[in-house]
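Remarks on the structure that follows.
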Amino acid sequence: MRWLSLIPVLVVLAASPGAFAVQPDEVLADATLETRARALSKELRCMVCQNQSIDDSDAPLARDLRVLVRERLQAGDSDHAVIDFLVARYGEFVLLKPRFSPHTALLWLGPVAILLIGAFGLLMVARRRRADSALATAEQAKLTPVEAARLSEILGRSDQ
């Protein structure tokens, strides 16, 4: 029965594997620099995991990148300079959120264009349906003499 009390602890540990990615020997003594390093690490992609930041990844390359970020910050580089250095070294792919540039324009504008095309298509379908409905209503309003007589008969009217 005592082991049941360990279940919540194990669930929490299993649910947060990235919490232990940054090793104690990587942490900077200067709290301000460490905060900047963690913020930068969350913006950089692990080249091995590809869908994780280097802050969350346990991969050796992610560790190397975290250490490199901290070294650059200790050398006095600004956050922008660190990002530029890593992009120059590894390419735009290292950024979890790519910059807007001519070669990434489709990435940024594509979803908006698809939404606009879809909205335009829905608008055209709605207009066509509305026009078809109005046409059908107008066609229904025109009755032939035989239909008018039959309608009067059904409604119990006499046109005489």
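Throughout, read-outs are computed from the coordinates displayed, never taken from laboratory work. Every value quoted in this text rests on a predicted model; they were computed, and no experiment measured them. All Cβ positions, glycine included, derive from the backbone under ideal geometry; neighbour counts span all protein chains shown.
Each of Ser152, Ser133, Ser41 was scored by other Cβ atoms within 10 Å of its Cβ. Arranged with the fewest first, they read Ser133, Ser152, Ser41. Per-residue packing, averaged as other Cβ atoms within 10 Å, sorts the ranges 46-58, 85-97 into the order 46-58, 85-97, beginning with the highest. Amide H contacts for Leu95 (H built 1.01 Å from N in the peptide plane; partners 5 or more residues away or on another chain; cut-off under 5 Å): Arg45.
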